[in-house]
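The values are calculated or read from the model by the stated rules, or taken from the named source; none is laboratory data. Model, not experiment: these values are computed from the prediction. In this analysis, Cβ positions are derived from the backbone assuming ideal geometry, glycine residues included, and neighbour counts consider all displayed protein chains. Heads up: the accessible areas ignore ligands, DNA and RNA and are worked out on the full protein's heavy atoms, side chains in. Shrake-Rupley method; radii C 1.70, N 1.55, O 1.52, S 1.80 Å.
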Amino acid sequence: MTETQELEQLVKREYKYGFTTDIEQEIIPPGLDEDVVRMISAKKNEPEFMLDWRLSAFRHWQTMTEPEWAHVHYPKIDYQALSYYAAPKSQEELDADAPESLDDVDPKLLETYEKLGIPLHERAVLAGVKGANVAVDAVFDSVSVTTTFKDKLAEAGVIFCSFSEAVENHPELIKQYLGTVVPKGDNYFAALNSAVFSDGSFVYVPKGVKCPMELSTYFRINAKNTGQFERTLIIAEEGASVSYLEGCTAPQRDENQLHAAVVELVALDDAEIKYSTVQNWYPGDEEGKGGIFNFVTKRGDARGDRSKITWTQVEAGSAITWKYPSCILRGDDSVGEFYSVAVGNNYQQIDSGTKMIHLGKRTRSTIVSKGISAGQAENAYRGLVHIGKTASHARNFTQCDSLLIGDQCGAHTFPYVEAKNSTAQVEHEATTSKVSDDQMFYLRSRGLSEEDAMNMVVSGFCKDVFNELPMEFAVEAQALLAVSLEGSVG
Amino acid sequence: MALLEIKNLHAEIEGQEILKGINLTVNAGEVHAIMGPNGSGKSTLCHVLGGRDGYEVTKGTITFDGHDLLEMETEERAIAGMLLGFQHPVEIPGVKNIYLLKEALNAKREAQGLDEVDTFTFMKQVRELVASMDMDDAFLHRGVNAGFSGGEKKRNEILQMLLLEPKLALLDETDSGLDIDALKVVSEGINRMRGAERGIILVTHYQRLLNYVEPDFVHVLYKGKIIKSGDKSLAHRLEAEGYQEILEEAS
Ligand SMILES: Nc1ncnc2c1ncn2[C@@H]1O[C@H](COP(=O)(O)OP(=O)(O)OP(=O)(O)O)[C@@H](O)[C@H]1O
Ligand SMILES: [Mg+2]
């Protein structure tokens, strides 16, 4: 067997999170119309303004068509065949509110999160096990099941809760910020999300507060034939700072499942938001059957002067990823950063990248994208650097590297630059490389197994991005990468 | 029992026969030098011994320390105590040198049923070795061979050898590209490895390395065969006369 064939064998992955949780659920029948939107809103006991917002998003969505410009191919989605709301039953009995304490949570759910390695018991966390000093919000299908460390955060003035709770307890903040970064009609999937989103996380860090711990949300899709639409809103007021991580997994199912999330970040003067994602939705099997369609709109508004928004993502799962975490650099001297590792194996398709929209003076952005393709995967980087007329002395640096494993996968880059101000400085560097036979032989001749050798080369390639992840998660990301490229040795 | 015994070894690359019947025996405690004109198959022999894919052995046997070498994967050979010092060490960007050293050492320890090396002991040992190679600690934190000069790469190979303490070191032109001081440092490193329980094979073009590391045997490889073997005087003769005469003698 040649080295290349062996490498291909090597990258055959097994998905470790493919189990389902057998739990009684309330799922509304498939189909989407205004009544469904009303039903979702009613189930959440939402105030009038939220229902109106959803309905206007829905009406807008009906006038839109699904985008086709991305470098991905998939059968047409039948939006009427999906169910738009699923909740664990015990939850439902609690009136769709988040439970007050862990005792109210179905033990099966807790077990699920234990299996995923996410401790929801605050005591366990405090005892210093994995994930120490991280507050967690867990979203199971459509609803948030629990948020840990709420009290400790409240002491610091930080609000960290499910989106539903925020609508109930902090409607003024929702009214003020919802849809101000990603308008409800922004794009096809964002509009759909705005109409039917079920839950998600909400973070508010008041003026001058440095959030005392890492915040994180774990999303889990469990129910069959349901779409998952969560919505996250993070607000950092003047001088505030917060680091937030989201992780996601889903069971192994033969059919594709739709996930269309929206994330909005708002950073006021001197505020800093670091948003990290470790995305590990079920990618489908070796033949490309099943897997999550991950169509996500993430955008940060560096609204204030000297504000900073950093997106760091490790995208390892999903059958299709369509995702462009972006920054609007509105404040003068604001900074936007995007660090991405996107791994595609088997028949995964990835079209991901970022947009850096420079509007303020002396705004700076950095883009570091590392694409890894194995098997028959197609991996595209799509990036836009826009320097507006008003953005004098703006600077961008883009580094875009692709690593190929085997010879049947593809890597593509679509970098777009629009500079409307002549003082702009825009730099772009791109490389494409292969995990070479020389590298593999060298490392193996030092006693490393093929898998370890491969992981070493790949994590070396990703180093610049891993360095940007919060300490607690860098190790996790590295492990995930290893799992993604795991398989039988030739 | 010999440490390494190669019998009638034939090997081809992409259907083309490069090694055409090599016989070579290396006992523990011996240093062998292999010389020969460019393209004669020296590196090919090293790669075949290292078990590189794409190098197909069509005939012959190799035993290493009692194992049938041809049945072993590259990493198994390494763990069994073979170390290949490359003529052209490859760059692995983003992977810290120190990380590779540690992983390599731990792979070996794991096979021996030992625990992972503790960081303190490891760092102490590595720092000493780095100093003995006249290298800067900064090299430990750079990517493996990334942006290293030719000479730095070769020192790095010797550093790995000193740490991993192989039973058999196969050093392919480790002396090429070294300045005079570096040649001395590298030679000292090799001499430190010399010992009753170890075998060393030096592939080289030049007598100057052999002035520092005196070989017990010298072999001339030509067109895939060892056409002449002798003691260290053979290398002196080559240095003085070039290959022409010896090739004619042999044919
Ligand atoms: N991948 C390959 N495909 C075809 N021929 C090859 C390949 N690799 C090596 N060869 C050939 O095998 C022969 C031996 O090469 P090798 O590198 O072993 O020589 P060498 O003795 O180490 O030479 P040098 O002293 O220049 O390092 C050469 O003719 C070379 O062109
Ligand atoms: Mg050679």
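Worth pointing out:
- Part-to-part distance (alpha-carbon centres) for the range A:321-393 and the range B:113-165, which is given in Å: 37
- 3J(HN,Hα) along the range B:232-245, derived from phi through the Karplus expression 6.51 cos²θ - 1.76 cosθ + 1.60 where θ = phi - 60°, amounts to 4, 5, 4, 5, 4, 5, 4, 4, 6, 9, x, 7, 3, 5 Hz, with x in place of Gly and Pro.
- Dipole moment magnitude, nearest 20 debye, the range B:4-250 about Cα centre, only Lys, Arg, Asp, Glu C-beta charged: 220
- Under-5 Å amide H pairs with A:G371, H placed in peptide plane, nonlocal only: A:A342, A:D401, A:S402, A:L403
- Length gained on full extension, A:K152 to A:E48: 34.3 nm, using 0.36 nm per residue less the C-alpha separation.
- For the range B:4-250, with +1 on Lys and Arg beta carbons and -1 on Asp and Glu, the positive-most of B:I98, B:H47, B:A240 along the dipole: B:A240
- Cα centroids of the range A:408-425 and the range A:154-198: 32 Å apart.
- Residues of the range A:424-446 falling in the label zone of B:H88, defined by backbone nitrogen less than 11 Å from a point 7 Å along Cα to beta-carbon, are A:438.
- Contact order normalised by residue count of chain B, Cα under 8 Å, 6+ apart, percent: 27
- Rough spin-label spacing in nm, given labels placed 7 Å along Cα→Cβ, for A:N421 and B:A146: 3.3
- Amide N proximity, the range A:59-79 versus A:F414 label position 7 Å along Cα-to-Cβ, cut-off under 13 Å: A:67-73
- Label-point gap, in nm, between A:M64 and B:Q125 - each point 7 angstrom along Cα→Cβ: 6.0
- Dividing the summed -39500 (n - 2.57) terms of all DSSP H runs of n ≥ 4 by the residue count of chain B sets its mean residue ellipticity at 222 nm at -11500 deg cm²/dmol.
- Per-residue HN-Hα couplings for the range A:294-309 [Karplus 6.51, -1.76, 1.60; θ = phi - 60°; Hz; x = Gly/Pro]: 10, 10, 10, 10, 10, 8, x, 10, 7, 6, x, 5, 6, 7, 9, 10
- Label-to-label distance, A:S56 versus B:T25, with points set 7 angstrom from Cα along the beta-carbon direction: 9.3 nm.
- Neighbourhood charge, 14 Å Cβ-Cβ cut-off, centred on B:M72 and excluding it, Lys, Arg +1 and Asp, Glu -1: -4
- The orientation-averaged projection of the convex hull spanning the C-alpha atoms of the range B:1-53 amounts to 4.1 square nanometres.
- Translational D in µm²/s for the range A:229-309 (Stokes-Einstein at 25 °C, 0.890 mPa s, Kirkwood Rh from C-alpha pairs): 174
- For A:K389 and B:R192, the FRET efficiency from 1/(1 + (r/R0)^6), where r spans their Cβ atoms and R0 equals 60 Å, is about 0.35.
- Pairwise Cα inverse-distance average, inverted: Kirkwood Rh of chain B (Å): 18.7
- Modelled label reach - B:E165, point 7 Å along Cα→Cβ, the range B:187-214 residues with backbone N closer than 15 Å: B:192-199
- Within the range A:456-476, the residues that become at least 20 Å² less accessible when every protein chain is included than when their own chain is isolated (1.4 Å probe; DNA, RNA and ligands ignored) are A:M456, A:G460, A:K463.
- Max-minus-min Cα coordinates of the range B:104-251 on each principal axis give 56, 34, 24 Å, with the largest extent listed first.
- DSSP beta bridges in the range B:4-250 [antiparallel fraction, %, rounded to 5]: 60
- Projected area averaged over orientations for the range A:348-485, convex hull of C-alpha atoms, nm²: 9.3
- Net charge of Cβ neighbours under 10 Å - reference B:L221; Lys, Arg +1; Asp, Glu -1: +4
- Remark: C-alpha extents of the range B:170-251 on the principal axes read 38, 30, 21 Å, sorted largest to smallest.
- Residue-wise HN-Hα coupling along the range A:340-347, computed from phi with Karplus coefficients 6.51, -1.76, 1.60 (Hz; x: Gly, Pro): 9, 10, 10, 10, x, 9, 6, 9
- Dipole magnitude of the range B:69-216 about its Cα centre (Cβ charges: Lys, Arg +1; Asp, Glu -1), debye to nearest 20: 220
- Across the options A:V417, A:A394, A:A342, the greatest Cα extent toward the positive end of the charge dipole of the range A:340-421 (unit charges at beta carbon of Lys, Arg, Asp, Glu) belongs to A:A394.
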